[in-house]
1. If packing is taken as the average number of other Cβ atoms within 10 Å across a peptide's residues, how do 102-113, 62-73 rank, most packed first?
2. Once you've got the Cα coordinates, tell me which of Lys60/Lys148; Lys50/Lys133; Lys27/Lys158; Lys44/Lys133; Lys94/Lys153 are over 21 Å apart.
3. With a Förster radius of 22 Å, plug the Cβ-Cβ distance of Gln54 and Asn32 into 1/(1 + (r/R0)^6) and report the FRET value to the nearest 0.05.
4. Please work out the FRET efficiency for the pair Asp155 and Val127, using the Cβ-Cβ distance as r and a Förster radius of 22 Å; give the result to the nearest 0.05.
5. Would you mind counting up the charge near Ala154? Only other residues with Cβ under 15 Å from its Cβ, with Lys and Arg at +1 and Asp and Glu at -1.
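Each reported figure results from applying straightforward, stated rules to the coordinates on display, with no laboratory input. Just so we're clear, the structure is a prediction, and the values are computed from it rather than from any experiment. Note that we place each Cβ from the backbone using ideal geometry, even for glycine, and neighbour counts take in every protein chain shown.
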Amino acid sequence: MTVRNICLGAMALSAILTAPALAKQGKVGLWNVTSTTEMALPPKDAATMKAAGQSLPAAKPVTVQMCMSQAEVDSSHPPHLDPGSTGCTTRTTKQTASEMTAEMSCNGNMKGGGNIRITYTGNEHYVGSYTFKGTSFGAAANITTNFKGDWVKADCGKVQPYKLRTQ
């Protein structure tokens, strides 16, 4: 199903890109990360869903907890997109003490590109967004995700650190 494939692509990017933002920022410990993803469906897919009595995907906030390690705090790399699962790579285009921007290029199940922007407010909060335009599993995809991260505490409890990978 086309809509399912677009959603899978959006979820794959969302899960990875909302990991604690990197670029020599942040604080070791537990973070709450909230993201909202909006997808513009091609008119044909939207009409098919409506005719079948299905509701169109709606942007709903999702909050997860993530553990940020010292290696992530020290890193100067953008969020890593595993090329094996997404076919995407990132390249930092700007990095300052309070902001990072990167370009994303996808040539796997997802084909196209986008931009990532993260703004830091101290080392306990960040906000960001990414956009993607192209195809996901052969279906047109236009995806926008907004996210924010808030530090909770130093002890991550049972939440395991994100496995830091660089490109």
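1. 102-113, 62-73
2. Working: Lys60/Lys148 14 Å; Lys50/Lys133 23 Å; Lys27/Lys158 18 Å; Lys44/Lys133 17 Å; Lys94/Lys153 29 Å.
Lys50/Lys133; Lys94/Lys153, as the Cα separations exceed 21 Å there.
3. Values: r = 31 Å, r/R0 = 1.41.
E between Gln54 and Asn32, to the nearest 0.05, is 0.10.
4. Working: r = 24 Å, r/R0 = 1.11.
For Asp155 and Val127, the calculated efficiency is 0.35.
5. Numbers: positive: Lys27, Lys153, Lys158; negative: Glu72, Glu124, Asp150, Asp155.
Within the 15 Å Cβ shell, the charges total -1.
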